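First the structure, in the form of structure tokens, and then the observations on it.
Derivation of every value follows stated rules applied to the coordinates shown; laboratory data play no part. Given the structure is predicted, the values throughout are model-derived calculations rather than measurements. Here the Cβ is made from the backbone with ideal geometry for all residues, glycine too, and neighbour counts use every protein chain on show.
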Amino acid sequence: MVDEDIDYIKNRIDELNKLLVGDHVDLEKLRSISHQKHGYINSELRSKIWPKLLLVDNLAKSDDYEAYDISSLSPTDIMQVSMDVERSLWNIDVTTVSISSYFI
């Protein structure tokens, strides 16, 4: 593992956490980060970011997925979530998993 990667990921985690604080979230910045190296880093951050991106952050916070009504989402948003999940599940880099697990 390269120290540069660890520093990069630490900085990205800090950046994402700062973006998620407050009432106004810079959605364009969050969207642009998704296309950058390591994307949203880990599942914990993704679980905070996706509700913001989909503008459903005000829905009930619950482990009961029936609480989320996806009928209000656009087909584009549904497709984007599906692609993100697909990338997360099947294109996992062992180094990223090790690094991400280290920071969780």
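Working note: Karplus 6.51/-1.76/1.60 with θ = phi - 60° gives the range 6-15 the couplings 5, 4, 4, 5, 4, 5, 5, 4, 4, 4 Hz, where Gly and Pro are set to x. Estimated at 0.36 nm per residue, the fully extended path between SER71 and ARG31 surpasses their Cα-Cα distance by 12.2 nm. Take each peptide in 39-50, 6-17, 75-86, count the other Cβ atoms within 10 Å of every residue, and average; sorted highest first, the result is 39-50, 6-17, 75-86.
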